Number of protein chains: 2
Amino acid sequence: MCGPRSPEAPCSARVCRAPGTGLLLLSYLAYLVLGAGVFWALEGRAARYSSHIFQRDKWERLKNFTHLDDPALDQLIRDIIQAYKDGTQLLGSTTSMGRWEFVGSFFFSVSTITTIGYGNLSPETMAARLFCIFFALVGIPLNLVVLNRLGHLMQQGVHRCVQWLGGSWQDPAQAPLLAGSAALLSGLLLFLLLPPLLFSHMEGWSYMESFYFAFITLSTVGFGDYVIGMDPSRKYPVWYKNIVSLWILFGMAWQALIIKMILSLLEMPGDMCTCSLRCIKGR
Amino acid sequence: MCGPRSPEAPCSARVCRAPGTGLLLLSYLAYLVLGAGVFWALEGRAARYSSHIFQRDKWERLKNFTHLDDPALDQLIRDIIQAYKDGTQLLGSTTSMGRWEFVGSFFFSVSTITTIGYGNLSPETMAARLFCIFFALVGIPLNLVVLNRLGHLMQQGVHRCVQWLGGSWQDPAQAPLLAGSAALLSGLLLFLLLPPLLFSHMEGWSYMESFYFAFITLSTVGFGDYVIGMDPSRKYPVWYKNIVSLWILFGMAWQALIIKMILSLLEMPGDMCTCSLRCIKGR
Ligand SMILES: [K+]
Ligand SMILES: [K+]
């Protein structure tokens with residue numbers, strides 16, 4: 001990522017010159033809000049219209065249902081699935097996360113630039129799809145920048161904790177190892193083992209289902225079989241979605257660190273190990 | 001990928017020691033086949049069973065349909081959507097890509113470790129979900145290794161092409177710029193502009209829909225609103241799925257290069273620099 005450089009001064013100077021984390025997070029948020037607004041504007045009307053059509057069709061089909069034969073029933077099922085995939089409001093009630101309102105559009109923006117892509121909502125109009133492509137083209141790298149920064153901050157935090165706690169571990173060779181395992185364990189607890197407790201309480205999933213959701217989300221696979229805030233029979237408090245957003249952000253930064261670590265183990269000409277190795281040899 | 005390092009000799013020596021690309025691709029394929037086999041074994045029986053239940057329920061509901069009121073209809077729709085999300089075979093015919101057979105399981109494995117996660121299939125049994133987590137934990141880094149290797153080869157290929165063609169551009173300062181734009185343009189053509197022609201021919205989508213599918217796939221967002229090989233009314237030739245798999249592999253490697261490029265434009269300070277900095281201090 002960062003080319004070979006030798007003198008110390010320009011590197012630390014470059015760190016100082018970087019835009020502040022607060023500013024970065026603010027632009028990230030602004031970008032998401034912008035995206036949510038555009039998707040809302042582009043998809044909102046179309047979705048309301050197609051929902052209206054679907055509701056009318058549904059009742060017409062119902063009236064004629066006694067005449068339905070096997071292919072007609074298959075067609076009805078096909079239509080329902082298509083309408084579901086189109087994000088149409090099929091049932092009497094849906095949560096705001098499942099509709100192209102501001103909350104839903106914001107969540108869609110997050111799921112797009114993090115490349116999770118749950119697919120509980122996906123753009124139906126060509127205009128929204130085109131915008132989605134350009135939005136992702138800038139948004140995905142922006143998201144990576146934010147994740148890198150957060151990962152960096154988390155690493156620094158862990159290092160400081162280790163320094164503060166470990167008066168006994170003053171052996172400098174063991175410090176990175178200690179910091180690594182501390183980051184691994186605290187992250188595992190904070191991002192993968194504890195949040196499922198909240199999800200299972202809020203969504204009525206089992207702990208294992210919630211854990212599966214957490215892993216599939218943070219690894220950015222995002223099958224969309226489990227998505228938070230989508231059950232219309234449940235009341236979600238306002239802080240819940242904000243907490244989940246923060247969890248996604250920090251959890252992805254942490255999981256990116258872990259995947260980088262596994263990557264450096266898998267890839268024999270690894271950067272990390274040779275680097276630390278040479279550090280130790282150099283000393 | 002090869003991190004910042006100063007002496008030339010150890011770096012090239014390390015590249016030589018790396019497992020050959022053929023071997024790497026072979027293990028990648030073996031890993032995917034292994035995953036497909038396990039998912040097939042774990043999900044296949046459960047899916048056949050739930051499909052059977054659904055077909056029976058469908059006909060029972062149909063018989064009683066004249067008595068269905070508004071909430072009962074909503075429940076029917078809910079059941080159909082749930083069954084659809086569960087990957088149940090709802091209709092008389094589905095393509096093998098949409099079922100937990102070997103082809104479908106293989107495609108699911110690909111979609112998992114590339115983190116695309118279309119979600120047209122997702123594991124229903126707890127055993128398959130647990131396996132999915134471990135499969136992804138190793139598979140995602142393995143996939144990154146393969147993509148990095150392919151990206152490297154593609155870069156080398158472009159460099160060679162530039163050297164071969166450009167007797168006139170012997171200016172060494174311009175060569176990387178030229179190689180970069182050549183890679184950008186040829187990749188754009190090869191991975192984003194031409195494949196949609198094939199998809200629209202094979203799937204009956206418009207060119208724009210196919211382009212949207214191509215972008216959403218290669219960026220690993222994978223909403224799952226468009227997935228290839230899923231239309232039961234179409235005949236897909238055998239070479240089609242293989243070509244698409246190759247396209248995903250090389251296209252993702254190319255798109256990773258592009259996103260890295262945008263990332264390096266967006267991100268002023270590099271992260272790796274602290275590592276090389278420490279190395280240099282240590283030396
Ligand atoms: K996805
Ligand atoms: K995804």
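Just so it is clear, none of the values below were taken in a lab; they were calculated from the coordinates. All values derive from a computational prediction rather than experimental measurement. Note that each Cβ is placed from the backbone with ideal geometry, even for glycine, and that neighbours are counted across all protein chains shown.
Label point of residue A:126 set 7 angstrom out along Cα-Cβ; within segment B:197-232, amide nitrogens under 13 Å from it belong to B:206-212. With label points defined 7 Å past Cα in the direction of Cβ, position residue B:34 shows copy-to-copy spacings of 4.5 nm, given to one decimal and shortest first. When residue B:130 is represented by a point 7 angstrom out along its Cα-to-C-beta vector, the spacings to that point in the other copies are 5.0 nm, nearest first. Take residue A:198, push a point 7 Å out from Cα through the beta-carbon direction, and compare it with the same point in every other copy: 4.4 nm, smallest first. For peptide A:247-260, the mean count of partner chain Cβ atoms within 10 Å of a residue's Cβ comes to 1.
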